[in-house]
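The values are calculated or read from the model by the stated rules, or taken from the named source; none is laboratory data. Worth saying up front: this structure is predicted, and the values here are computed from it rather than measured. Here the Cβ is made from the backbone with ideal geometry for all residues, glycine too, and neighbour counts use every protein chain on show. Heavy atoms of the whole protein, side chains included, go into the accessibility calculation; ligands, DNA and RNA do not. Shrake-Rupley method; radii C 1.70, N 1.55, O 1.52, S 1.80 Å.
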Amino acid sequence: MAGSGHENGAVSIRPADNLAVFEVSKKAKKNKFALGCAMLASLTSMLLGYDIGVMSGAIIFIKKDLKISDVQIEILVGVLNLYCLVGSIVAGNITDWIGRRYTIVLANVIIFVGSLFMGFSVNYAFLMVGRFIAGIGVGFAIMGAVLYNAEISPASSRGFLTSFPEVCINVGILLGYVSNYAFSKLPTRIGWRLMLGAGATPSIFLVFAVLAMPESPRWLVMQGKLGEAKVVLEKTLDTKEEALLRLNDIKEAAGIPQDSTGDVVVVQKQTNSNGVWRELLLHPTPTVKHILICTVGIHFFQQSSGVDAVVLYSPRIFEKAGITSSNEQLLTTVAVGICKTIFILVATFLLDKSGRRALLLISTGGMVVSLATLGFSLTIINHSEAKLTWAIALCITMVLSFVAFFAIGMGPIAGIYTSEIFPLKLRAQGISLGVAVNRVTSGIIAMTFLSLYQAITIGGAFFLFAGIAAVGWLFFNICLPETRGKTLEETERLFGKLVGWREVDKKMKEDNTKRTTHGQEGSDG
C-alpha cells in the first residue's frame, strides 16, 4: 500500500491491521504543529471558564447593586448554559458550512459583543441580553474547539490534545476567581461590571490568532480540497503514511472515490443535514445507538454530579460552612481554582497512558466519597450552634478533593470520549448533541441549586449529588468500552452491545497478540 502509492499520489483502501501499526504501535513524540493548533483552538474555551469563575464572585456584588432575589441570581448564573445549548446545536451545522476555524473566529466575535453588553449593563434586563449573546458564542466555541482538535490530532496524542479545551476552561475559571478578588476592592457598581467586561479583551486577540491556524483536514476534504487536506495532515500527524491512511478514511466518509487523486475534486454537496440527524436519532444502527447512550450518559453524569454547584456557588458554600468574610470566601475560592487547574494539567499527561476507563472510574469514585463527606460536614455545621473548626476545615478539604477528582478524569474525558467514538460522518452532529446535553444539565443544576439546598438543606443537596455520581460510576463501568489506542475500525467493533462489549474487546486483544507474535516470528525468520 505504502509503496508506489507514495510516488504517484494514489491512495488505496488499506487493511485495518496496517492502520493499527501506525496508530497504536507507534510511540511518537508530540507533534509540535498539532500541539500549537490545538492550543490556539482551545483558548476560546477559556472564556467559558472565565465566565463561570467570575460569575461566582460577581453575583455577590450584583445582588447588592441591582437588589435582585436568589431566584433571579439562579437564572442569571444558569441561563448562559441554555443559551450555550442553542449555540452548540446551531454550530453543528455552521461548522460544516463555513469550517471549523471560522466557527471559532465567529465565536470570539460573539463573546466579545456579549462581554461588552454585560460590562456596560445598567439593569438586570440589559445584563440578561449580554448573557444571551455570550452564551451563543460559548456554544460555538465549545463545539468548534472539540471538533477541530479531534480532527487534527495524531492518534498517538489524541487524548492529550483533545483535553486542551477542558484545560483552558479550568484556567479560565481560575482567572475568573482572581478577577473577583482583584476587582472586589472597587466600588460595588464598578467592580462587578469590570469583572464581567474584562472577558472581552482576550477575544480580540484570539480572532487573529485563530486565523493563523490551518483549517481542519476533514472539512477541506468535504469541500473537495484534497491537496490542502493532505498538506495539513502531513504537518499534524506523526508520519506521511499515517497522513495517507487518514486521508483515505476521510475520503471514504465524504463519499469521494479512492482513485480521485487531484488536488481539487468535485464533491456532491449536501443540501441539508437532515440525513445525518435521521441516521443519528431516528434510525440508528445498534452501534450508533450504543454510542448515543454512552454520549448522553457521560455528559449527563458529568454535570448532574454537581460540579457547577461547587464552582459557581463556592462562596455561598463557604458561607454556609462558617466563613463569613466575603474577602476570605473569595480567597478560598481562588484555592479551588488553583487545585482544579493543577489536576487538569496532571490529567493531560495520564490520558494517553492510563486510558479513559481507569481514570474515569477512579475520578468518579473519588467524587462520590468527596461529595458524601462534604454533605456530612455541612450537615454537622448546620446543626451546631458553636463554630466547629474541624468541620470547616473538612468542608474546605472536601471541596478541593471533589474538584481535584473531577479534573483528573470526569472533566476532560467527557469531551475526549465523545470526539473519539462517533463515525466521521456523524461526528459534528454527535459532538453537538453531547454538548447540548452537557449544557442543559449544567443549566438546570446552576438554576436550581439555591432553591434545592433551601428545600433539602445544603448537606442534603450534596448527598443527592453523591448518589447521582454513584449511579454514574455503575453506568461507566458497565457500558463504556476503553477507546485508548483503538483505530476507528476497532472502536466501531466495540460498540453495538451495551453490556457485552467486554467479550469483543477480549477477542480483539487476543487477535492483536496473535498478529504481534506472527509478525515477530516472521521477522526472526
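Annotations
- Top-ranked residue in segment 254-280 [being under 16 Å from residue 422 (Cβ atoms) and surrounded by 13 or more Cβ atoms within 10 Å (Cβ to Cβ); ranked as modelled with the lowest pLDDT]: 273
- Positions within segment 455-489 being open to solvent by 40 Å² or more (accessible area, probe 1.4 Å) and either free of Cβ contacts under 8 Å to residues at least 12 places away in the same chain or assigned to a loop (DSSP other than H, G, I, E, B) (or both), in sequence order: 455, 456, 457, 474, 484
- Against the numbered list (1) crowded, with 24+ Cβ neighbours inside 10 Å; (2) touching an Asp or Glu at 6+ places or on another chain (Cβ under 9 Å), residue 57 comes up short only at (2).
- Of the helices (runs of 4 or more DSSP H) lying entirely inside segment 312-425, the ones with 3 or more residues being farther than 21 Å from residue 146 by Cβ are found at 314-321, 326-354, 356-382, 389-405.
- Check on residue 415, in the same structural domain as residue 441 (by the TED database), touching a residue at least 60 places away in the same chain (Cβ under 8 Å) and open to solvent by 10 Å² or more (accessible area, probe 1.4 Å): yes
- Neighbours by Cβ (under 8 Å, 6+ apart or cross-chain): first from segment 111-129, under 15 Å from residue 200 (Cβ atoms); second open to solvent by 60 Å² or more (accessible area, probe 1.4 Å) and aliphatic (A, V, I, L, M): 112/204; 117/129; 119/194
- Some residue of segment 382-402 being open to solvent by less than 10 Å² (accessible area, probe 1.4 Å) and aromatic (Phe, Trp, Tyr): yes
- Hey, residue 220 touching a helix residue (DSSP H, G or I) at 6+ places or on another chain (Cβ under 9 Å) and within 30 Å of residue 47 (Cα to Cα) or not: yes
- Of residues in segment 421-438 being open to solvent by 20 Å² or more (accessible area, probe 1.4 Å) and modelled with pLDDT of 85 or more, the one nearest to residue 77 (Cα to Cα): 437
- Subset of segment 36-57 (residues that are in contact with a helix residue (DSSP H, G or I) (Cβ under 9 Å, 6 or more places away or on another chain) and of a type in the set (Gly, Ala, Ser)): 38, 41, 42, 45, 49, 53, 56, 57
- Residue among 198, 125 that alone is open to solvent by 10 Å² or more (accessible area, probe 1.4 Å) and out of contact with any helix residue (DSSP H, G or I) (no Cβ under 8 Å at 6 or more places or on another chain): 125
- Condition check for residue 448: in the same structural domain as residue 484 (by the TED database), open to solvent by 30 Å² or more (accessible area, probe 1.4 Å) and assigned to a helix (DSSP H, G or I): yes
- Positions within segment 116-174 being assigned to a loop (DSSP other than H, G, I, E, B) and under 16 Å from the mean Cα position of the chain (by Cα), in sequence order: 153, 163
- Scope segment 134-170; condition open to solvent by less than 10 Å² (accessible area, probe 1.4 Å), modelled with pLDDT of 85 or more and β-branched (Val, Ile, Thr); matching residues: 138
- Residue among 375, 355, 366 that alone is closer than 24 Å to residue 295 by Cα and modelled with pLDDT of 90 or more: 366
- Taking the listed residues 295, 332, 341, 324, the one that is touching a Pro at 6+ places or on another chain (Cβ under 9 Å) and either in contact (Cβ under 8 Å) with a residue 60 or more places away in the chain or among the β-branched types (Val, Ile, Thr) (or both) is 332, with no other qualifying.
- Residue list for segment 351-371, restricted to those being of a type in the set (A, V, I, L, M, F, W, C) and open to solvent by 10 Å² or more (accessible area, probe 1.4 Å): 358, 359, 361, 362, 368, 369
- Residue check for residue 45: in contact with a Ser or Thr (Cβ under 8 Å, 6 or more places away or on another chain), closer than 24 Å to residue 407 by Cα, at pLDDT below 85 and crowded, with 17+ Cβ neighbours inside 10 Å: no
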